[in-house]
Amino acid sequence: MKPRFPDYQLRCGWNALLPRRTPSPALSSQVDADVAIIGAGYTGLAIAKRWHDHFPDHHIVLLEGSEIGEGNPGRNSGFLLETALAEDADADNLERVRQGNQMISETLQDMLREVELSGEYVDITRAGTFRAAASDIGARSIARYETFLQAAGLPFERLSRDELRARIGSSYFQEGLYSPHCYLAQPAQLIRALFKTLPDSVVCYENTPALQINNRQQKWQITTANGGVNCKRLFLANNAFAKSLGVASSRLAAMFTYAGLTPSLPDALSDTLGSDQNWGLLPTHRLGSTLRRTRDNRLLIRSAHDYEKEAKPENIQKLLTQKLHDRFPQVKEIGLESCWGGAVGFTYNGGLVWGEERPGLFVSAGCNGGGTVKGTLLGKLLADLAAGNKAPDVTRLFGSASWMPPDPIRAAAFHTASRVEAFFGKAEM
């Protein structure tokens, strides 16, 4: 299998808004470590910090294929959810959901404390989140989620078309629902701040993709372009790219999705965008469009999906611009200042690839687009498992990834399902 790692065509728009940082040097020699972690995202950082808590004298090596803030952790839409996603919600299994939600909520509070310890400014606010329906399919999804929230005793507000328009300035949607259980963040700022709180025992090499892993004489060996790592325990926290290293290829796929960010909008336009000045909207359809209005008065849209291959930049910008203007015709004269893509670790049934895959090889992958807080939690729990400590039954709480057929059958099935869902849920896309 040809090695694959983050090598995106377009720079991350969130990271482009921040001052340039000097990345850690790339690995240029052979090094030994007690533990190596591939992927310096939310999961990888959590593993490193938790392992240091268990074994403060261990030497930990962290390999990042891109740069902190430029890779996948900086490319998401900045939603830090305290409760289950709409598609995860299950009113018939509330105890399992409550237990998972409690752990996620506690993890989020830990992340906020780490941000404070970093001394870095991060734009992060408990702004809640909207879900909105533009069609009958979306309305049915909202009704199911409302049933879950009622059964779980979680607060929410039902919003009519007019009420939603007054809040976010869009007449595109028929109805909506608001839940307070979500923080909104500038994700590139967030991952940079969390990176700064790594203990000194962790050495990070940026711009160092892992090309191959092998096990020889009870040690794991990682091959990179100009060096390598030998370690006793190896953690894969590179999500969709774990399968390029020969792990979970029958359960994991890379799904590319895209985002665009406008420039800061002029006051004359911002007055037409509703009363809420910092909000996020999640789709009711799993392939639907995500929206945000940021504190510095930008609009973000995340939409569209491609299987295992990133689309051409010019096609991305055109598509995202049209979708944004459909929802906010008042900004039709405003283009997108930046566009970018990112790969999501996708599993057929939404379950995880998590645990000890082979002796000494531990994996957390298949976030299915919900990887910021949940990914941090899963990283901590994976380190606990590898250290021999008692850990919750993660697969019971969050599910286990099911088998998928190989390509080209898998690709054909994805494209067929996407076309069918896009046809029936077109308004939500």
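The values are calculated or read from the model by the stated rules, or taken from the named source; none is laboratory data. Every value quoted in this text rests on a predicted model; they were computed, and no experiment measured them. Cβ atoms come from the backbone with ideal geometry, glycine included; neighbour counts cover every protein chain shown.
What the table below lists for this structure:
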{"quantity": "Residues of the range 377-399 that turn out to be under 25 Å from the mean Cα position of the chain (by Cα) and modelled with pLDDT under 95, as a count", "calculated": "9"}
{"quantity": "Pairs where the first residue, in the range 109-127, is within 13 Å of L80 (Cβ to Cβ) and among the hydrophobic types (A, V, I, L, M, F, W, C) and the second is surrounded by fewer than 16 Cβ atoms within 10 Å (Cβ to Cβ) and modelled with pLDDT of 95 or more, C-beta under 6 Å, 6+ apart", "calculated": "A127/N278"}
{"quantity": "Qualifying positions in the range 284-298 - buried (at least 21 other Cβ atoms within 10 Å of the Cβ), closer than 17 Å to I137 by Cβ and of a type in the set (A, V, I, L, M, F, W, C)", "calculated": "none"}
{"quantity": "Some residue of the range 60-78 being assigned to a loop (DSSP other than H, G, I, E, B), over 12 Å from Y205 (Cβ atoms) and of a type in the set (S, T, N, Q)", "calculated": "yes"}
{"quantity": "Count - residues of the range 12-40 that are closer than 22 Å to A383 by Cβ, among the hydrophobic types (A, V, I, L, M, F, W, C) and outside any loop (DSSP other than H, G, I, E, B)", "calculated": "6"}
{"quantity": "Pick from the range 215-234, criterion within 18 Å of Y205 (Cα to Cα) and of a type in the set (S, T, N, Q), ranking: surrounded by the fewest Cβ atoms within 10 Å (Cβ to Cβ)", "calculated": "N226"}
{"quantity": "Extreme residue, nearest to the chain's Cα centre (by Cα), among residues of the range 358-376 that are assigned to a strand (DSSP E or B) and surrounded by 24 or more Cβ atoms within 10 Å (Cβ to Cβ)", "calculated": "A365"}
{"quantity": "Criterion (more than 30 Å from P199 (Cβ to Cβ) and over 21 Å from the mean Cα position of the chain (by Cα)) met by exactly one of A127, A151, A132", "calculated": "A151"}
{"quantity": "Residues of the range 90-128 satisfying the condition of being touching a Leu at 6+ places or on another chain (Cβ under 8 Å), among the aliphatic types (A, V, I, L, M) and modelled with pLDDT under 95", "calculated": "M103, I104"}
{"quantity": "I301 being within 28 Å of E421 (Cβ to Cβ), at pLDDT below 95 and not in a loop (DSSP other than H, G, I, E, B)", "calculated": "no"}
{"quantity": "From the options T257, T294, residue that is touching a residue at least 40 places away in the same chain (Cβ under 8 Å) and within 19 Å of D123 (Cα to Cα)", "calculated": "T294"}
{"quantity": "Those residues of the range 183-201 which are over 17 Å from N72 (Cβ atoms), out of contact with any His (no Cβ under 6 Å at 6 or more places or on another chain) and either hydroxyl-bearing (S, T, Y) or crowded, with 22+ Cβ neighbours inside 10 Å (or both), in sequence order", "calculated": "Y183, L184, T197"}
{"quantity": "Residue check, A343 within 29 Å of I222 (Cα to Cα), in contact with a helix residue (DSSP H, G or I) (Cβ under 8 Å, 6 or more places away or on another chain), surrounded by 16 or more Cβ atoms within 10 Å (Cβ to Cβ) and modelled with pLDDT of 95 or more", "calculated": "no"}
{"quantity": "Qualifying residues in the range 154-198 (those that are out of contact with any helix residue (DSSP H, G or I) (no Cβ under 9 Å at 6 or more places or on another chain) and of a type outside the set (A, V, I, L, M, F, W, C)) - the one nearest to T129 (Cα to Cα)", "calculated": "P180"}
{"quantity": "Of all residues in the range 151-162 being without any contact (Cβ under 8 Å) to a residue 40 or more places away in the chain and of a type outside the set (S, T, Y), the one that is surrounded by the most Cβ atoms within 10 Å (Cβ to Cβ)", "calculated": "L159"}
{"quantity": "Condition met for G176 (over 30 Å from H54 (Cβ atoms), among the small types (G, A, S) and touching a His at 6+ places or on another chain (Cβ under 8 Å))", "calculated": "no"}
{"quantity": "G274 being in a loop (DSSP other than H, G, I, E, B) and either modelled with pLDDT under 95 or crowded, with 22+ Cβ neighbours inside 10 Å (or both)", "calculated": "no"}
{"quantity": "Unmet criterion (only one of (1) more than 19 Å from L324 (Cβ to Cβ); (2) under 20 Å from the mean Cα position of the chain (by Cα)) for I137", "calculated": "(2)"}
{"quantity": "Which numbered condition Q150 fails, given (1) out of contact with any Gly (no Cβ under 6 Å at 6 or more places or on another chain); (2) at pLDDT 95 or above", "calculated": "(2)"}
{"quantity": "Pairs where the first residue, in the range 163-176, is at positive phi and the second is modelled with pLDDT of 95 or more and buried (at least 23 other Cβ atoms within 10 Å of the Cβ), C-beta under 7 Å, 6+ apart", "calculated": "G169/F328"}
